[in-house]
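**Q** Questions regarding the structure given below will be posed in turn.
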Number of protein chains: 2
Amino acid sequence: MCSRNSSSITSFFIVSLLAVLVNPTISSRAFTKEHPRVSVASNCESWRLASETNNAGSWNVVPSRCVNSVKNYINGGQFENDYNIVARYAIAYAKRINLGRDGKDAWVFDIDETLLSNLDYYKVHGYGSEPYDNAKFNEWAVQGKASSFDGSLRLYKALKKLGFTIILLTGRDENQRSITEKNLRNAGYFGWNRLILRGKNDQGKTAIQYKSEQRSKVVKEGYKIHGNTGDQWSDLQGFAVATRSFKVPNPMYYIA
Amino acid sequence: MCSRNSSSITSFFIVSLLAVLVNPTISSRAFTKEHPRVSVASNCESWRLASETNNAGSWNVVPSRCVNSVKNYINGGQFENDYNIVARYAIAYAKRINLGRDGKDAWVFDIDETLLSNLDYYKVHGYGSEPYDNAKFNEWAVQGKASSFDGSLRLYKALKKLGFTIILLTGRDENQRSITEKNLRNAGYFGWNRLILRGKNDQGKTAIQYKSEQRSKVVKEGYKIHGNTGDQWSDLQGFAVATRSFKVPNPMYYIA
C-alpha cells in the first residue's frame, strides 16, 4: 500500500461527490436527521471510529454509503499508518518489560488481518460490503497467498529478538494447519512456540469464548501473557486477557 | 460547535503547512523513519485513533505536533459527530433491553468530558498540550459553568424515558458535590439516582480502581449495569464492568 497522496485524496472526493450526485439512495442516507450538514465522509469516519472502539457493537457488513470511504482509507495509506503506529506502541511497551529466564514471557497474535493480510481477497469482494462467505473465503485461504503487514512483521521480529514466546491463536480450523504454517513462513514469520487452531471441541463457540479458553490454558501452563495483538475485540477481551492489548485496525469485518 | 466546513479545512491545512515550514523541530518530528512521506495530519490521525482504542497506553500531553490537529478535530465538527454517533449506538442498544419493574436496570455515566464539557477551560489551556494543573482546573470547576454535550444529553434523556436508573460516578472530590449538582442541572440533567464522588477513602486510588470498587458496590445492591458511558478507558474497564461500554472521544487528556 502506498502512502496517502494528494491525487488519491482528490479522486476520493470526486468519487464521493459523484456517488452523492448520481445516487439518490446514498444521497438521502448520507445525512443524519440531527445534523443535515454532516457529510458522508465525516459520518463514515465516525462509523469507523465507533467500530474501532467497539462502540458500534456487532455489525454484519460495511454500511453501503461507507464502502468508498473504507476503500480510500485502505488504499490511501491511512490504514497502513494506523497499523504501523499500533506496532510502534507495542514494540515500545515490549522493550520496557524485564523478561525472566524461564521462557514464560508470552505474546499472543491472531492471524487473519493481524499477521496475514487477506486484502487481495477483500478487494475483489467489495471491501467488506458483501456478507462473509465461508466457502469462498476458505477457497482463498487454502491457496496460502496472504501477505504480511509490515507493522506486524516488524513487531513479530522485535518480540522474537527480545526473547518473547510467540503464541498464535486463530479462528481458522485445525484442517488448515499446514497451509497456514506454510503461508506464515512465506510471509516472513518464523519461530512461534505453537499455533492454536479451532479443534472439534471448539466448533460453534464464539471467538471470544474459544480464544479466552485457549489463553486460559496457556496461563495455566505458567505463561504470562504480556501482550496480545488482534484486529477484533473478540481476540482481546473475555478472560485470561493480556496485560496490554493492541487492537490493529480492520474496517472490513466484525467477529463476535 | 459548528459542523465541518471547507473554510475550516482550508485554514487547517494552511496552519499545518506553515507550522511545518517555519518550525524545523515540528518539521523533523513530523515524519517517521519508516515512512518519510507520511504527513503530520496523517500521523496525528493515527495517534488519535491509537489513543481512542487505548493502544497508546498512558500519555501526559497531546504531542506538540498534533495540537493543531486536535484543535481542528474539536472545532471543525468531527469531534461532535463522533460523539453523536456513539450516543446513537448507545440509545439503539438501550431500546433493545427489556427492563424489569424493580428499578434495578442501571446506566453509569462519568461526568467530565462525558456529561459536562470543559472545553471552554481547555480552549484557553492549549487543548491538552499543557500538563494537567489540578488547582487551575478546580478554579474552573467550582464556577459550575461547564455545558452539556448534545449527544450525552440526548442519551441521558432517552435512558430516563426508557426507565433506567442513572448512576453518576466521577473522579471529582466529595467537596465539589453541590457545585457539581448545580452545574449538572444547569446543563439540563435531572433525576439521577445518585452521584458518587471521591471520598476520603478513595484518595490516591487510580480511577480504574476507585470506579471499579464503586460499580461493585452498586452491583452488590442488586443493580444490573447495562451500560456505562465515559471518555476514559479507566471509566469503563477494571471489574464490575457494564454489559456494554461506550467510549466517547476525548483527544485532550488521559486518566489511568
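The values are calculated or read from the model by the stated rules, or taken from the named source; none is laboratory data. Everything quoted here is computed from the prediction, not taken from an experiment. Every residue, glycine among them, receives a Cβ derived from its backbone with ideal geometry; neighbour counts consider all protein chains shown. Keep in mind that these areas ignore ligands, DNA and RNA; they rest on the heavy atoms of the full protein, side chains included. Shrake-Rupley method; radii C 1.70, N 1.55, O 1.52, S 1.80 Å.
**Q** Looking at the stretch A:191-215, which of its residues are in a helix (DSSP H, G or I) and not basic (Lys, Arg)?
**A** Going through the stretch A:191-215, the residues in a helix (DSSP H, G or I) turn out to be A:200-202, A:207-215.
Within the stretch A:191-215, A:Asn201, A:Asp202, A:Ala207, A:Ile208, A:Gln209, A:Tyr210, A:Ser212, A:Glu213, A:Gln214 qualify.
**Q** Here's a follow-up. Among the residues of the stretch A:170-183, is there at least one that is hydrophobic (A, V, I, L, M, F, W, C) and open to solvent by less than 20 Å² (accessible area, probe 1.4 Å)?
**A** Taking the stretch A:170-183 and keeping what is hydrophobic (A, V, I, L, M, F, W, C), we get A:179.
Filter once more, so that each one left must be open to solvent by less than 20 Å² (accessible area, probe 1.4 Å): none.
Scanning the stretch A:170-183 turns up no residue that is hydrophobic (A, V, I, L, M, F, W, C) and open to solvent by less than 20 Å² (accessible area, probe 1.4 Å).
**Q** Answer with yes or no whether B:Asn118 is among the polar types (S, T, N, Q), open to solvent by 50 Å² or more (accessible area, probe 1.4 Å) and either over 30 Å from B:Ser64 (Cβ atoms) or at pLDDT 95 or above (or both).
**A** It is false that B:Asn118 is among the polar types (S, T, N, Q), open to solvent by 50 Å² or more (accessible area, probe 1.4 Å) and either over 30 Å from B:Ser64 (Cβ atoms) or at pLDDT 95 or above (or both).
**Q** Now, a different point. Looking at A:Gly188 and the list (1) in a strand (DSSP E or B); (2) surrounded by fewer than 21 Cβ atoms within 10 Å (Cβ to Cβ), which single condition is not satisfied?
**A** All conditions are met except number (1).
**Q** Hey, could you check the stretch A:68-91 for residues that are within 7 Å of another protein chain (Cβ to nearest Cβ) and of a type in the set (S, T, N, Q) and say which is surrounded by the most Cβ atoms within 10 Å (Cβ to Cβ)?
**A** A:Asn81
**Q** Cβ-Cβ distance below 9 Å, separation of 6 or more or different chains: which pairs start in the stretch A:238-249 with a residue that is without any contact (Cβ under 8 Å) to a residue 12 or more places away in the chain and end on one that is open to solvent by less than 30 Å² (accessible area, probe 1.4 Å)?
**A** The qualifying pairs do not exist here.
**Q** Something else about it: Contact list please: Cβ distance under 7 Å, first residue in the stretch A:84-113 and farther than 30 Å from A:Ala141 by Cα and touching a residue at least 40 places away in the same chain (Cβ under 8 Å), second residue open to solvent by 30 Å² or more (accessible area, probe 1.4 Å) and among the basic types (Lys, Arg), pairs at least six apart or on different chains.
**A** A:Tyr93/A:Arg244; A:Lys104/A:Lys224; A:Asp105/A:Lys224
**Q** While we're here: Filter the stretch A:223-238 down to the residues that are under 17 Å from A:Gly171 (Cβ atoms) and open to solvent by 30 Å² or more (accessible area, probe 1.4 Å), then identify the one that is farthest from the other protein chains (Cβ to nearest Cβ). Show your work before the answer.
**A** Our first condition is that a residue be under 17 Å from A:Gly171 (Cβ atoms); within the stretch A:223-238, this holds for A:228-238.
Remaining after also requiring open to solvent by 30 Å² or more (accessible area, probe 1.4 Å): A:237-238.
Numbers: A:Gln237: 10, A:Gly238: 12 Å.
For the stretch A:223-238, the residue satisfying everything is A:Gly238.
**Q** Determine if the stretch A:103-110 includes at least one residue that is surrounded by fewer than 23 Cβ atoms within 10 Å (Cβ to Cβ), under 13 Å from the mean Cα position of the chain (by Cα) and not small (Gly, Ala, Ser). Walk me through how you get there before you give the answer.
**A** At the first step, the residues of the stretch A:103-110 found to be surrounded by fewer than 23 Cβ atoms within 10 Å (Cβ to Cβ) are A:103-105.
With the extra rule that they be under 13 Å from the mean Cα position of the chain (by Cα), the set shrinks to none.
So far as the stretch A:103-110 goes, no, none of its residues is surrounded by fewer than 23 Cβ atoms within 10 Å (Cβ to Cβ), under 13 Å from the mean Cα position of the chain (by Cα) and not small (Gly, Ala, Ser).
**Q** Here's a follow-up. Would you check if B:Ser3 is at pLDDT 95 or above and among the hydroxyl-bearing types (Ser, Thr, Tyr)? Reasoning before the result, please.
**A** Values: at pLDDT 95 or above: no; among the hydroxyl-bearing types (Ser, Thr, Tyr): yes.
No, not satisfied.
**Q** Across the stretch B:151-161, which residue is most open to solvent (accessible area, probe 1.4 Å) among those that are under 15 Å from B:Phe246 (Cβ atoms) and more than 17 Å from the chain's Cα centre (by Cα)?
**A** So the first thing to find is which residues in the stretch B:151-161 are under 15 Å from B:Phe246 (Cβ atoms), and the list is B:151-156, B:158-159.
From the residues that got through so far, the ones that are more than 17 Å from the chain's Cα centre (by Cα) too are B:158-159.
On the way: B:Ala158: 25, B:Leu159: 1 Å².
Residue satisfying both the conditions and the ranking: B:Ala158.
**Q** Right, here's the next one. Kindly indicate whether B:Ile97 is over 17 Å from the mean Cα position of the chain (by Cα), crowded, with 16+ Cβ neighbours inside 10 Å and farther than 25 Å from B:Asn60 by Cα. Write out each step before concluding.
**A** On the way: over 17 Å from the mean Cα position of the chain (by Cα): yes; crowded, with 16+ Cβ neighbours inside 10 Å: yes; farther than 25 Å from B:Asn60 by Cα: yes.
Considered against the rule, which asks whether it is over 17 Å from the mean Cα position of the chain (by Cα), crowded, with 16+ Cβ neighbours inside 10 Å and farther than 25 Å from B:Asn60 by Cα, B:Ile97 comes out as yes.
**Q** Mind checking whether some residue in the stretch A:143-150 is closer than 28 Å to A:Lys217 by Cα, open to solvent by 70 Å² or more (accessible area, probe 1.4 Å) and either charged (D, E, K, R) or not in a helix (DSSP H, G or I) (or both)?
**A** The answer is no, given that none of the residues of the stretch A:143-150 is closer than 28 Å to A:Lys217 by Cα, open to solvent by 70 Å² or more (accessible area, probe 1.4 Å) and either charged (D, E, K, R) or not in a helix (DSSP H, G or I) (or both).
**Q** Of the residues A:Ile208, A:Ile166, A:Ile179, only one is in contact with a strand residue (DSSP E or B) (Cβ under 7 Å, 6 or more places away or on another chain) and among the aliphatic types (A, V, I, L, M); which? Explain how you work it out, then say what you get.
**A** Values: A:Ile208 fails: in contact with a strand residue (DSSP E or B) (Cβ under 7 Å, 6 or more places away or on another chain); A:Ile179 fails: in contact with a strand residue (DSSP E or B) (Cβ under 7 Å, 6 or more places away or on another chain).
So the residue among A:Ile208, A:Ile166, A:Ile179 that is in contact with a strand residue (DSSP E or B) (Cβ under 7 Å, 6 or more places away or on another chain) and among the aliphatic types (A, V, I, L, M) is A:Ile166.
**Q** Just checking, which of A:Arg65, A:Arg37, A:Arg48 is open to solvent by 20 Å² or more (accessible area, probe 1.4 Å) and within 7 Å of chain B (Cβ to nearest Cβ)?
**A** Checking each option against the conditions leaves just A:Arg37.
**Q** Within the stretch A:210-222, which residues are of a type outside the set (Gly, Ala, Ser) and open to solvent by 30 Å² or more (accessible area, probe 1.4 Å)?
**A** Step one: filter the stretch A:210-222 for residues of a type outside the set (Gly, Ala, Ser), giving A:210-211, A:213-215, A:217-221.
Those that are of a type outside the set (Gly, Ala, Ser) and open to solvent by 30 Å² or more (accessible area, probe 1.4 Å): A:Glu213, A:Lys217, A:Val219, A:Lys220, A:Glu221.
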